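S.K.: Quick one: the structure is below, and I'll ask about it shortly.
The values are calculated or read from the model by the stated rules, or taken from the named source; none is laboratory data. The shown structure was predicted, so the numbers you read here are calculated from the model rather than taken from an experiment. Cβ placement follows ideal geometry from the backbone for every residue including glycine, while neighbour counts extend to all protein chains displayed.
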Amino acid sequence: MLRYPRNLRGAEIQLLITVLLFFAAGYLLIVAATGAQELRLNVRTVADILWPSVLPFLLFLGVSIGMSLRTPRADQLILPLVALLAGLGLLLTARLEPSLAAQIPEAYTGIDAKQSLWVTIGVIVLALILFVPWDLLFRRYLRTSLMDWLDHHRYAWLSIGIGLIIATFVFGKDPNGSGVRAWFNFGFFYFQPSELLKVILVIFLASYLNEHREVVAQGYQLGPLTLPPLPYLLPLVGMWGIAMGLIIFQRDLGAALLLFSVFLAMLYVATSSGWYVIAGLSAFGIGSYVLFNVVAIVKTRVNIWLDPWATAQGTGYQIVQAIYALASGGVFGAGLGRGYPTVVPAAHTDFIFTAIGEELGLAGTLAVLIAYMLLIFRGFHIALRVPGRFRGFDQLMVVGLTTILAVQSFIIIGGNLRLIPLTGITLPFISYGGSSVLMNFLIVGLLLRISSHPDG
């Protein structure tokens with residue numbers, strides 16, 4: 001058994017090296033299988049192929065070594081899991097980008113190069129969260145800690161979130177032609193404000209529920225009946241309204257379901273009352289049923305989910321091709337670079353899980369599901385281990401951030417497998433998308449920072 005210096009995060013570094021080797025082998029397999037046979041794979045060619053995407057992994061290793069010095073108590077499994085998922089995302093983006101089959105100098109002008117850039121920036125954001133002495137800076141200039149500052153400005157965060165929603169109505173763009181104007185165009189990249197909105201929502205709810213959890217949990221006694229404290233349940237009504245508004249005006253079903261699910265999870269953890277969850281789900285269900293009969297896109301999505309074969313050459317084409325892709329993958333898949341995942345429209349974003357199923361088979365999809373389950377488990381484990389003096393805001397925020405990853409994964413995987421109606425949302429760390437990648441790394445950075453608190 002290998003021995004390491006006292007603070008060196010040996011298990012984490014071993015796992016990261018394993019992921020790096022897996023990624024390098026997979027990348028070379030894709031290059032060899034997608035029309036690069038005419039290339040002479042000498043040392044320089046291999047370096048040209050691997051370097052842009054290996055850079056994030058080298059940064060992962062640097063972050064791990066830095067955490068050994070700065071935050072040795074932080075969770076050692078989260079970073080390797082994120083590296084595994086992000087690496088798989090880079091592999092599949094390179095696989096699904098046709099420019100990879102061209103000459104090597106042109107191979108990094110497409111979305112695979114952009115995804116490598118976004119992952120690299122995401123790792124840098126994670127490092128800034130972990131290594132910059134934020135508490136020291138905040139105490140010196142604002143006389144408070146970072147977490148207290150986040151906790152004490154909840155209505156500022158709420159105002160920013162509402163402002164983002166309003167701004168999408170006015171300035172939102174639809175680069176994909178999907179009918180959803182949910183992006184801001186900054187010229188050199190598109191930013192999806194709902195990605196930032198979900199983090200802002202978690203900060204606001206963690207602060208609000210931490211202050212009012214006892215009142216919300218107990219309610220008012222009126223004779224033999226216990227009534228909910230209506231004045232303190234305005235956020236419930238407000239979140240229901242935001243979710244319905246996103247469906248009506250933005251036709252963004254995925255963001256609406258994600259935001260509302262995160263809210264219900266945090267409300268349940270704060271109050272330990274299942275009645276609030278039942279009431280919230282009932283309100284969302286009633287609202288969705290009404291919108292099913294009013295909003296055309298909702299009805300279309302549900303009808304496609306129920307019977308995609310009825311419109312297999314039209315609106316149901318994407319789902320039908322995804323079914324064929326998953327079926328053709330079998331148990332072990334066709335192999336990296338040997339399937340036809342690009343037949344499915346939007347395979348690099350909405351349907352990247354079906355690409356995994358076709359080329360890596362049932363074994364590959366189960367491995368991805370296990371990786372997400374472990375990541376979610378470690379997130380909730382961090383919430384349980386938050387020291388007593390930090391319980392409250394910190395713990396609720398960890399629950400909310402972990403729930404974002406859990407619900408987002410379920411929504412897109414469930415849509416790919418026809419368990420629920422398909423919604424336009426990204427698979428964390430794997431799907432192509434700059435704003436999604438950045439926000440997910442921000443979430444992981446906050447989880448690792450909170451997990452570094454010494455017990456007690």
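S.K.: Does region 351-361 include one or more residues that are more than 18 Å from the chain's Cα centre (by Cα) and among the hydroxyl-bearing types (Ser, Thr, Tyr)?
M.R.: no
S.K.: Further, regarding this structure: If I ask for residues that are crowded, with 19+ Cβ neighbours inside 10 Å, under 30 Å from Glu214 (Cβ atoms) and in contact with a Pro (Cβ under 9 Å, 6 or more places away or on another chain), which ones from region 272-326 would you list?
M.R.: Residue satisfying the conditions is Tyr276 alone.
S.K.: Right, something else. I'd like to verify a number: residues in region 1-34 that are at pLDDT below 80, surrounded by 13 or more Cβ atoms within 10 Å (Cβ to Cβ) and out of contact with any Leu (no Cβ under 8 Å at 6 or more places or on another chain), how many?
M.R.: Qualifying residue count for the region: 1.
S.K.: Of the residues Phe393, Phe380, Phe353, Phe332, only one is closer than 28 Å to Gly434 by Cα, in contact with a Leu (Cβ under 9 Å, 6 or more places away or on another chain) and of a type in the set (Phe, Trp, Tyr); which? Steps first, please.
M.R.: Working: Phe393 fails: closer than 28 Å to Gly434 by Cα; Phe380 fails: in contact with a Leu (Cβ under 9 Å, 6 or more places away or on another chain); Phe332 fails: closer than 28 Å to Gly434 by Cα.
Exactly one residue qualifies, and that residue is Phe353.
S.K.: Suppose we filter region 134-156 for residues that are in contact with a His (Cβ under 8 Å, 6 or more places away or on another chain) and either crowded, with 16+ Cβ neighbours inside 10 Å or under 19 Å from Thr71 (Cα atoms) (or both); how many remain?
M.R.: Start the filter on region 134-156 by keeping residues that are in contact with a His (Cβ under 8 Å, 6 or more places away or on another chain), which leaves 144.
Subsequent filtering for residues that are either crowded, with 16+ Cβ neighbours inside 10 Å or under 19 Å from Thr71 (Cα atoms) (or both) retains none.
Residues that pass the stated criteria total 0.
S.K.: Further, regarding this structure: List the pairs whose first member sits in region 69-82 and is in contact (Cβ under 8 Å) with a residue 24 or more places away in the chain and surrounded by 15 or more Cβ atoms within 10 Å (Cβ to Cβ), whose second member is not in a helix (DSSP H, G or I) and not basic (Lys, Arg), and whose Cβ atoms are under 7 Å apart, counting only residues at least 6 apart or on separate chains?
M.R.: Thr71/Ser452; Ala74/Ser452; Val82/Phe429
S.K.: Might you let me know whether region 292-315 holds any residue that is within 24 Å of the chain's Cα centre (by Cα) and basic (Lys, Arg)?
M.R.: Yes, the conditions are met somewhere in region 292-315.
S.K.: Considering every residue within region 395-408, establish whether at least one is under 23 Å from Leu253 (Cβ atoms) and among the hydroxyl-bearing types (Ser, Thr, Tyr).
M.R.: Yes - at least one qualifying residue is present in region 395-408.
S.K.: So in region 407-425, with the set limited to residues that are assigned to a helix (DSSP H, G or I) and touching a residue at least 60 places away in the same chain (Cβ under 8 Å), which one is nearest to Tyr324 (Cα to Cα)?
M.R.: Checking each candidate, the answer is Asn416.
S.K.: Out of (1) on the phi < 0 side of the Ramachandran plot; (2) under 21 Å from the mean Cα position of the chain (by Cα); (3) assigned to a loop (DSSP other than H, G, I, E, B), what's the single condition that is false for Gly364?
M.R.: Against the list (1) on the phi < 0 side of the Ramachandran plot; (2) under 21 Å from the mean Cα position of the chain (by Cα); (3) assigned to a loop (DSSP other than H, G, I, E, B), Gly364 comes up short only on (3).
S.K.: Shifting gears a bit: Yes or no: region 317-331 includes at least one residue that is hydrophobic (A, V, I, L, M, F, W, C), in a loop (DSSP other than H, G, I, E, B) and either in contact with an Asp or Glu (Cβ under 9 Å, 6 or more places away or on another chain) or free of Cβ contacts under 8 Å to residues at least 60 places away in the same chain (or both). Talk me through it step by step, then tell me what you get.
M.R.: Filtering region 317-331 down to residues hydrophobic (A, V, I, L, M, F, W, C) leaves 319-320, 322-323, 325-327, 331.
Filter once more, keeping what is in a loop (DSSP other than H, G, I, E, B): 331.
Right, trim to either in contact with an Asp or Glu (Cβ under 9 Å, 6 or more places away or on another chain) or free of Cβ contacts under 8 Å to residues at least 60 places away in the same chain (or both) and you get 331.
Yes, some residue in region 317-331 is hydrophobic (A, V, I, L, M, F, W, C), in a loop (DSSP other than H, G, I, E, B) and either in contact with an Asp or Glu (Cβ under 9 Å, 6 or more places away or on another chain) or free of Cβ contacts under 8 Å to residues at least 60 places away in the same chain (or both).
S.K.: Which numbered condition in (1) part of a helix (DSSP H, G or I); (2) of a type outside the set (Phe, Trp, Tyr); (3) more than 24 Å from Ala24 (Cα to Cα) is the only one that Gly314 fails?
M.R.: Answer for Gly314: the failing condition is (1).
S.K.: Is it the case, given these coordinates, that Asp135 is under 28 Å from Gly274 (Cβ atoms), among the acidic types (Asp, Glu) and at pLDDT 75 or above? Talk me through it step by step, then tell me what you get.
M.R.: Numbers: under 28 Å from Gly274 (Cβ atoms): no; among the acidic types (Asp, Glu): yes; at pLDDT 75 or above: yes.
No: the conditions fail for Asp135.
S.K.: Within region 132-177, take every residue that is of a type in the set (Lys, Arg) and touching a Phe, Trp or Tyr at 6+ places or on another chain (Cβ under 7 Å) and give me the one that is farthest from Ile450 (Cα to Cα).
M.R.: Taking region 132-177 first, the residues of a type in the set (Lys, Arg) are 139-140, 143, 154, 173.
Those still in the list that are touching a Phe, Trp or Tyr at 6+ places or on another chain (Cβ under 7 Å) too: 154, 173.
Numbers: Arg154: 19, Lys173: 36 Å.
Within region 132-177, the match that is farthest from Ile450 (Cα to Cα) is Lys173.
S.K.: For the structure I just gave you, tell me whether Ala334 is crowded, with 21+ Cβ neighbours inside 10 Å, of a type outside the set (S, T, N, Q) and in contact with a Gly (Cβ under 9 Å, 6 or more places away or on another chain). Working first, answer last.
M.R.: Values: crowded, with 21+ Cβ neighbours inside 10 Å: no; of a type outside the set (S, T, N, Q): yes; in contact with a Gly (Cβ under 9 Å, 6 or more places away or on another chain): yes.
Considered against the rule, which asks whether it is crowded, with 21+ Cβ neighbours inside 10 Å, of a type outside the set (S, T, N, Q) and in contact with a Gly (Cβ under 9 Å, 6 or more places away or on another chain), Ala334 comes out as no.
S.K.: Give me the pairs: first residue in region 258-272 and in a helix (DSSP H, G or I), second residue at pLDDT below 85 and not hydrophobic (A, V, I, L, M, F, W, C), beta-carbon distance under 6 Å, and six or more apart or on different chains, which are they?
M.R.: From residues that are in a helix (DSSP H, G or I), the pairs are Leu264/Gly280; Leu267/Tyr276; Ala270/Arg213.
S.K.: Only one of these conditions is not met by Ile425: (1) hydrophobic (A, V, I, L, M, F, W, C); (2) over 10 Å from the mean Cα position of the chain (by Cα); (3) at pLDDT below 90. Which number is it?
M.R.: Unmet condition: (2).
S.K.: Looking at region 58-113, which of its residues are at pLDDT 80 or above, assigned to a helix (DSSP H, G or I) and not hydrophobic (A, V, I, L, M, F, W, C)?
M.R.: Of everything in region 58-113, those that are at pLDDT 80 or above, assigned to a helix (DSSP H, G or I) and not hydrophobic (A, V, I, L, M, F, W, C) turn out to be Gly62, Ser64, Gly66, Ser68, Arg70, Pro80, Gly87, Gly89, Thr93, Arg95.
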